[in-house]
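Below are the structure tokens for one structure; questions will follow.
The values are calculated or read from the model by the stated rules, or taken from the named source; none is laboratory data. The structure presented is a predicted model; accordingly, all values stated were derived computationally and were not measured. Cβ coordinates were reconstructed from backbone atoms using ideal geometry, including for glycine residues, and neighbour counts include every protein chain displayed.
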Amino acid sequence: MLTTMYRCIIRPAERCWRCSVRSVSSAVKRKALPSAFPVLEQPLQSDHHRVYEANLRNSNACHNQYLELREKIRKGGGEKAIARHTQRNRKFLVRERLRLLLDDEDFLELSPFAGFGLPYGDIPSAGCLTGIGRINGLWCVFIAHDATIKGGTAYPITVKKQLRAQDIAIQNRLPCVYLVDSGGGFLPLQSEVFPDKNHGGRTFYNEAIMSAMKIPQVSVVCGSCTAGGAYIPTMAEETVMVHQIGTIFLGGPPLVKAATGEEVTPEELGGARLHAEVSGCVDHFAMGEKEAYDCTRNIVSTLNFQLPDEEEEDEEQTRRRKAEQEPLYNPVELLGLAPKSYNHSLDVKMVVSRLTDGGRFQEFKARYGTTLITGFAKIHGHLLGIVANNGELSYQAALKGSHFVQLCDQRDVPLLFLQNTAPTTAPTVSTTQAEVNSNHLKAQGAMMSAVACASVPKITVVIGGCHGADSYAMCGRAFDPHFLFLWPNAKVSITAPGHAGSLLPADGEREEEEKQEEELNMRLKEECSAFYSSGRLWDDGVILPQDTRRVLRNCLDIIKQRQYQLSTEKLQSPLLRI
Ligand code: COA
């Protein structure tokens, strides 16, 4: 039964990914094969100037929008709610909690802009912070409610964000820490958070399945855990609860009073003492929040992972390694390479040379299907295969893409997709064209299959357009990349604004057609922005072009960590709490 359940949750590709150095003791030193990949000489030329400057202006405008949104989410539920949370309820704010829990601030926050611009309003950070940070050196997923936003209750977008974080924990086999401070479902939207498969209950289902898959889960009760909120700590493998701050109950004191007439305090009904001493729902009692996070850090150090020793380097070795890893050109130039629109795209090799170690790239099939660039490179020492659009995916380009993806899969090399897909595909106008189009379709289908079935980790960065079927072949969201990020200039829509005409049937009145086209283009313009996409959690976040190398390094480190978990062979070991 459980084996069947794993099968439901682990993708076919996931089931077979095994890294070759798994279970090797850290005492065994391994070194990568030496490489001397050629340097991609891609300096900015004077003929790039006009496009570069236009892109740069657009990137600066997008950056301002990014900063504005970041400022808004930092304010959480607003001044009044923050005062209630910190002064009346005497709790730490969610970012202070993370500061106490994690080793440092170099964590990967997931979808910070989720929750903005939704039909039911702006929900800062979707009501909970999620991400991946290090605890005693071990990368762990965290899911931390922000109780300044409507008491930490779950909106539909909160549920979606929690589920995505769990999904990432499953896909990358990462321990998961829940900081629970939630009043359960946001009642006015109960029909959108309760009944369906991927609604609130799925969080608890995942907890059970993750536990059975030996993905460790620890929770900290640092606020109210009412109704749905109560199942997170009780289903986690180990739980810490904070005295006089944490409560766990299905219905609070007002409900008890209404039902039975009894008057009870929250502490009597479901406080830390009761759950640590009487019910046994929690395993550790903490007098204060700081003690709870110290305790959680200690719990994490009992997980059976053996991390590799840090390589000891002298100054000269560090200098040499850094010099080798620095890209050849300044990554800040990526701001002028991030296309304002598809017709502002420069050769994608210019982007690649500003992302890879030393700007080096071992190109594969350089002379074939040149609207797609494929090849091997390193990012902070991690070997990976890069697949990057350099125009519309032609028949040859798609065949080359399939070949390269399968090659990486066979060699167990993770894949990075740099996506900038064309706004529209050419319409069929003649029989000859129809034949070209069907061959194209078959090649695209082949590449989609190769991408979907590749068992290696995949990361997608949308550096420009994310439109049409090419975006599937370039590992869009539906193709389940381990991580998917957008640059702020990215545009996500079935076709780009200004290209709606190609999708509309041309059989009506000219005037009516023009009106329809204009309306659709306006809608596409509004809906295609990176922030619109991220607000709806169609990605794992908007990242700045100049930060891309750092984000990719973190992702590649995170992906690699599964090698260091010991005793994963014993596959079935569900943990049943009392
Ligand atoms: N649905 C919608 N809104 C809710 C809510 C819920 N389940 N629970 C709380 N809120 C709102 C409150 O109306 C309030 O809104 P406001 O800021 O616009 O006034 C805000 O969240 C904060 O609630 P408040 O009670 O003032 O804060 P608190 O810190 O004292 O208590 C809770 C927070 C969550 C402990 C408390 O509100 C509570 O027990 N809520 C009911 C939980 C419940 O019964 N859930 C059942 C879900 S199935």
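This table checks each residue for (1) closer than 21 Å to Val300 by Cα; (2) in a strand (DSSP E or B); (3) of a type in the set (Phe, Trp, Tyr); (4) without any contact (Cβ under 8 Å) to a residue 60 or more places away in the chain.
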{"residue": "Lys197", "(1), (2), (3), (4)": "no, no, no, yes"}
{"residue": "Tyr205", "(1), (2), (3), (4)": "no, no, yes, yes"}
{"residue": "Ile209", "(1), (2), (3), (4)": "yes, no, no, no"}
{"residue": "Ile215", "(1), (2), (3), (4)": "yes, no, no, yes"}
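Quick one: Tyr120 ticks every box in (1) in contact with a Cys (Cβ under 9 Å, 6 or more places away or on another chain); (2) within 16 Å of the ligand (Cβ to nearest atom) bar one, so which box is it?
Against the list (1) in contact with a Cys (Cβ under 9 Å, 6 or more places away or on another chain); (2) within 16 Å of the ligand (Cβ to nearest atom), Tyr120 comes up short only on (1).
Might you check whether a residue that is more than 9 Å from the ligand (Cβ to nearest atom) and out of contact with any Asp or Glu (no Cβ under 6 Å at 6 or more places or on another chain) occurs anywhere in region 181-190?
No; the residues of region 181-190 include none that is more than 9 Å from the ligand (Cβ to nearest atom) and out of contact with any Asp or Glu (no Cβ under 6 Å at 6 or more places or on another chain).
Please state which of the following conditions Asn198 fails to meet, knowing it meets all the rest: (1) of a type outside the set (Ser, Thr, Tyr); (2) more than 16 Å from the ligand (Cβ to nearest atom); (3) surrounded by 17 or more Cβ atoms within 10 Å (Cβ to Cβ).
(3) is the only condition that Asn198 fails.
Please find, among Lys80, Lys29, the residue that is modelled with pLDDT of 50 or more, basic (Lys, Arg) and assigned to a loop (DSSP other than H, G, I, E, B).
Going through Lys80, Lys29 in turn, just one is modelled with pLDDT of 50 or more, basic (Lys, Arg) and assigned to a loop (DSSP other than H, G, I, E, B): Lys29.
Related question: Give region 487-505 a look and list any residue that's touching a residue at least 40 places away in the same chain (Cβ under 8 Å), over 12 Å from Tyr532 (Cα atoms) and buried (at least 20 other Cβ atoms within 10 Å of the Cβ), or say none.
Scanning region 487-505 gives Trp487, Thr495, Ala496, His499.
Please verify whether region 266-286 includes one or more residues that are of a type in the set (A, V, I, L, M), surrounded by 15 or more Cβ atoms within 10 Å (Cβ to Cβ), more than 16 Å from the ligand (Cβ to nearest atom) and within 29 Å of the chain's Cα centre (by Cα).
So far as region 266-286 goes, no, none of its residues is of a type in the set (A, V, I, L, M), surrounded by 15 or more Cβ atoms within 10 Å (Cβ to Cβ), more than 16 Å from the ligand (Cβ to nearest atom) and within 29 Å of the chain's Cα centre (by Cα).
Shifting gears a bit: If we keep just the residues of region 281-329 that are hydroxyl-bearing (Ser, Thr, Tyr) and without any contact (Cβ under 8 Å) to a residue 40 or more places away in the chain, which is farthest from Arg562 (Cα to Cα)?
Ranking the qualifying residues of region 281-329, first place goes to Thr318.
Kindly indicate whether Thr239 is touching an Asp or Glu at 6+ places or on another chain (Cβ under 9 Å), surrounded by 15 or more Cβ atoms within 10 Å (Cβ to Cβ) and under 21 Å from Gly185 (Cα atoms).
When the stated conditions are applied, Thr239 does not pass them.
Give me the pairs, please: first residue somewhere in region 81-94 and more than 12 Å from Ser224 (Cα to Cα), second residue anywhere and more than 11 Å from the ligand (Cβ to nearest atom), beta-carbon distance under 6 Å, and either six or more positions apart or on two chains.
Phe92/Glu289; Val94/Leu129; Val94/Ala144; Val94/Asp146
Moving on to the next point. With the requirement that a residue be in a loop (DSSP other than H, G, I, E, B) and more than 10 Å from the ligand (Cβ to nearest atom), what does region 135-152 give you?
The answer is Asn136, Gly137, Asp146.
Does Val193 satisfy the criteria of being within 16 Å of the ligand (Cβ to nearest atom) and within 23 Å of the chain's Cα centre (by Cα)?
yes
Next up: If you check Thr158 against the conditions, is it under 19 Å from Asn89 (Cβ atoms) and within 13 Å of the ligand (Cβ to nearest atom)?
Spelling it out, it is not the case that Thr158 is under 19 Å from Asn89 (Cβ atoms) and within 13 Å of the ligand (Cβ to nearest atom).
Within the bounds of region 221-229, is there any residue that is within 16 Å of the ligand (Cβ to nearest atom), closer than 29 Å to Ala169 by Cβ and surrounded by fewer than 17 Cβ atoms within 10 Å (Cβ to Cβ)?
no
Just checking, how many residues over region 360-398 are assigned to a helix (DSSP H, G or I) and crowded, with 22+ Cβ neighbours inside 10 Å?
Number of matching residues: 2.
Okay, moving on. Scan region 355-375 residue by residue and report those that are charged (D, E, K, R) and closer than 18 Å to Thr548 by Cα.
Scanning region 355-375 gives Asp357, Arg360.
Looking only at region 253-280, which residues are touching a Lys or Arg at 6+ places or on another chain (Cβ under 9 Å) and free of Cβ contacts under 8 Å to residues at least 60 places away in the same chain?
Hits for region 253-280 are Glu263, Val264, Glu267.
Those residues that are of a type outside the set (Ser, Thr, Tyr) and touching a Ser or Thr at 6+ places or on another chain (Cβ under 8 Å), I need them from region 247-261; list them, please.
The answer is Ile248, Phe249, Leu250, Gly251, Gly252, Pro253.
Being in contact (Cβ under 8 Å) with a residue 40 or more places away in the chain, out of contact with any Gly (no Cβ under 7 Å at 6 or more places or on another chain), away from the ligand (no atom under 16 Å from the Cβ) and farther than 19 Å from Phe107 by Cα, is that true of even one residue in region 170-179?
Within region 170-179, none of the residues are in contact (Cβ under 8 Å) with a residue 40 or more places away in the chain, out of contact with any Gly (no Cβ under 7 Å at 6 or more places or on another chain), away from the ligand (no atom under 16 Å from the Cβ) and farther than 19 Å from Phe107 by Cα.
Matching residues to (1) in a strand (DSSP E or B); (2) surrounded by 24 or more Cβ atoms within 10 Å (Cβ to Cβ); (3) under 20 Å from the mean Cα position of the chain (by Cα); (4) at pLDDT 95 or above:
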position: Ala426; (1), (2), (3), (4): no, no, no, no
position: Ala434; (1), (2), (3), (4): no, no, no, no
position: Leu441; (1), (2), (3), (4): no, no, no, no
position: Met447; (1), (2), (3), (4): no, yes, no, yes
position: Phe485; (1), (2), (3), (4): yes, yes, yes, yes
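I would also like to ask the following. Within region 323-340, identify whether any single residue is surrounded by 14 or more Cβ atoms within 10 Å (Cβ to Cβ) and over 27 Å from Arg550 (Cβ atoms), and answer yes or no.
Scanning region 323-340, I find no residue that is surrounded by 14 or more Cβ atoms within 10 Å (Cβ to Cβ) and over 27 Å from Arg550 (Cβ atoms), so the answer is no.
For Ala54, state whether it is surrounded by fewer than 16 Cβ atoms within 10 Å (Cβ to Cβ), more than 16 Å from the ligand (Cβ to nearest atom) and either modelled with pLDDT of 95 or more or more than 24 Å from the chain's Cα centre (by Cα) (or both).
Yes, satisfied.
Let me ask you something else. Would you tally the residues in region 252-271 being of a type outside the set (A, V, I, L, M, F, W, C) and either under 11 Å from Ser224 (Cα atoms) or in contact with a strand residue (DSSP E or B) (Cβ under 6 Å, 6 or more places away or on another chain) (or both)?
Going through region 252-271 one residue at a time, the tally reaches 5.
Sticking with this one: Looking at (1) closer than 24 Å to Leu334 by Cβ; (2) at pLDDT 95 or above, which one does Ala478 not meet, given that it meets all the others?
Evaluating Ala478 over (1) closer than 24 Å to Leu334 by Cβ; (2) at pLDDT 95 or above leaves (1) as the failure.
May I pose another question? Quick one: in region 234-254, which of the residues that are part of a strand (DSSP E or B) and over 19 Å from Arg297 (Cα atoms) is farthest from the ligand (Cβ to nearest atom)?
Ile248
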